[in-house]
Each structure stands twice: as structure tokens, then as C-alpha cells.
Amino acid sequence: MKYKYAFSLIFLLATLVACNDEDKLYPRSEDASSISRFEFPQGNNAWDQDLLEIANTFGTIPIYTAFDTLDLNQAWSGTFTIKYYGEPLSDEYAIFYTDFFKNHVFGFLKPELCKGVLPNYIYLVDDLRQAGGFTGGYAPLLCFWGGLDYWAFSFRAKEENLAYYDYGSIIIRPYKPYDLPKTPWEYKIRRTVILQNILTKMVDKGTIAIPADFQTGGVFDYSIKFSTSVNAENYYMKLGYPGSMLVTAYDFTPLQTTLTMDAKTNFSNYLKLGMRYTRDSVLIKYPEDKYPLIIRYYDFTVKYMKDKYDWDITRMAALKED
């Protein structure tokens, strides 16, 4: 443990002082365990072998035990504060998390498109939560993307740890406890939140190239200020913008007039559209007689990803089979 804490302190100081290039924190190796500051694999169970396969295929190391509060609080903020909490997984939860990430996250991803995108570590955490701003308790976190060399994911929020506001005679609890997904729809919700963020990061990192059809000078004129009024000529859906998906969301929401549109954002939204909805669902949500550009570029994006990357992103839109 002393070695671990010394390593963490050296790592943090070296990063804050000397590292301006985030990519330097994401070394890749055919044997991912060779770069781990944790003992990996973390056991000799069947799920440990699955996690080792993920690490060696995708270059990110899934950690489900042996991490602590110090590990969870290595972030990009520039100041070190204890803000995030969570516990290692029991065997029961380790089995579920491993199956979920193997089949519902990495099972949909292309390893070659993940290079330089995924972090060194993925922490699989029980009851991941955030402190601050409450009379008592914590805010639950399904995902945390801001770790110094890690992302963290959680499928449970324990009722006894949930935040509350104490107004004397009135106690307000803004969050509800939750646990492992059970229905096909719950599985889809959980994986959509994770996968849509990874797709965005792939575009941001350039491992997925923005096609020329989305660039300035093509069909999309990003200089036009869009409207959120359905009857306006410049209504955003008429201009070919399907909406947006917040980092914590699994569904599309209307664009806000305070936002500006560009090729990267627009293309990322179409990737999310393809992985979130089947074509039949897209036609219901965006009737072709009203929004022909959206249907046209939904089809274009799906074909582009198949032709250029041999990746059928619509597989992610299917519900889990019972």
C-alpha cells in the first residue's frame, strides 16, 4: 500500500507540473497488464480472464477491486480534494459488471477505433457517488469521465448513502436508489449512456473521421442561426439537426438556441442517432415528409460507418434478447 500511495503522489505531481499532452497518459501495449500499477488480473476467476481479454484487446484495464478513495480522486482539476467515493465489487457484482461490459459495451466497439480514446483504467465501482452541496449524503454517479487516467462506472446507488436536504420539518431527497439493470430496456439505457460518450470521444480524437458531407460548404450551412420553433423555416430539424444527447442521457433532446452547431457536433449527433434508434424508430421520430434531411443523413452515416470502418452502429440500437 505504501508503494501504491507513493506512486500515486509521484504520478499526480509529474502530471500537473510537466504534462501538457493528455495522450502521454494513455500508453498502449499488446499486454495491457504490463503497464498496470495494480496487480492484474485481480484474481483467477472466470470473469478475471474475461477482463484480461478486454485489457489485451482494447488497451484499457478494468479494475474492480484493490482501488481506494485516493484512486477515485485523481482528476484533471489541478487541485486534489476528496470528492468521489465508492467501493470495490463483491463477486456477485463482479460477475455482472464483467458480463455487461464484455457484451454490452466492448462487444459493440471496434478495437482499432479505441486507440488513444480509452483511458489506462476503467474502474468498476459499487455505489459510486459524489460529495458536495448537501446537508447529508451523496449524489450517485452512473459514470465519471474526468479521472486523471481512468473512467469509472457504477450500477448501484445505496439508499443509505443518497443525498438529502434538511429543511427542519421537511426532508427532501432528490435521488432514488437503483441497482443492476434487469429488463432489456434497462440494459439499453445503461449501455447507451456509456457508448454515446465513447462515440463522441472517438470523433474528438479523430479515430473516426468527419466525412466531407458534414463539412462547411456542403448541405449543412452552420452559419444559419437555427430556431426551436416548429413552424419556423429555420427550425433545427428542417435544417437537418436531429437534436442533442447530453452526456448523462440515453435519448435525444431539443437543441437549445444558446448552442452553436458545427461539423463535429453534427456528425457526432448522427452517430448517436444511429446507435440509439433503429431505422423504423427514426422514421417515427423524424417523419421523412417533414424532415427529409435527417433521414437522408441517418442513412448516409450508417452506410459511411459500414463502408469506411466495417462497423454497423445500428447493432447498438437493438434490445437485449431475453
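List of remarks:
- Residue match in the range 89-107 (condition: open to solvent by 50 Å² or more (accessible area, probe 1.4 Å) and at pLDDT below 95): no
- Residues of the range 214-242 that turn out to be within 28 Å of LYS110 (Cβ to Cβ) and modelled with pLDDT of 95 or more, as a count: 4
- Per the listing LEU271, LEU246, LEU239, LEU259, the residue uniquely part of a helix (DSSP H, G or I) and either in contact (Cβ under 8 Å) with a residue 60 or more places away in the chain or open to solvent by 10 Å² or more (accessible area, probe 1.4 Å) (or both) is LEU271.
- Restricting the first member to the range 290-305 and to residues that are at pLDDT below 95, and the second to residues that are assigned to a helix (DSSP H, G or I) and open to solvent by 60 Å² or more (accessible area, probe 1.4 Å), no beta-carbon pair is closer than 6 Å while six or more apart or on different chains.
- Looking at the range 41-138, the helices (runs of 4 or more DSSP H) lying wholly inside it that each contain 3 or more residues that are over 15 Å from the mean Cα position of the chain (by Cα) and of a type in the set (A, V, I, L, M, F, W, C) sit at 46-58, 91-100.
- A single member of ILE198, ILE194 is under 21 Å from ALA318 (Cα atoms), in contact with a helix residue (DSSP H, G or I) (Cβ under 7 Å, 6 or more places away or on another chain) and either modelled with pLDDT of 95 or more or open to solvent by 20 Å² or more (accessible area, probe 1.4 Å) (or both), and it is ILE194.
- Remark: LEU148 matches the filter, which requires a residue to be open to solvent by less than 10 Å² (accessible area, probe 1.4 Å) and of a type in the set (A, V, I, L, M, F, W, C).
- Restricting attention to the range 201-224, the residues being open to solvent by 30 Å² or more (accessible area, probe 1.4 Å), assigned to a helix (DSSP H, G or I) and touching a residue at least 12 places away in the same chain (Cβ under 8 Å) number 4.
The values are calculated or read from the model by the stated rules, or taken from the named source; none is laboratory data. Keep in mind it's a predicted model, so treat the numbers as computed, not measured. Quick reminder, even Gly has a Cβ in these numbers, built from the backbone with ideal geometry, and neighbours come from all protein chains shown. What goes into the accessible areas is simple: the full protein's heavy atoms, side chains included, and nothing from ligands, DNA or RNA. Shrake-Rupley method; radii C 1.70, N 1.55, O 1.52, S 1.80 Å.
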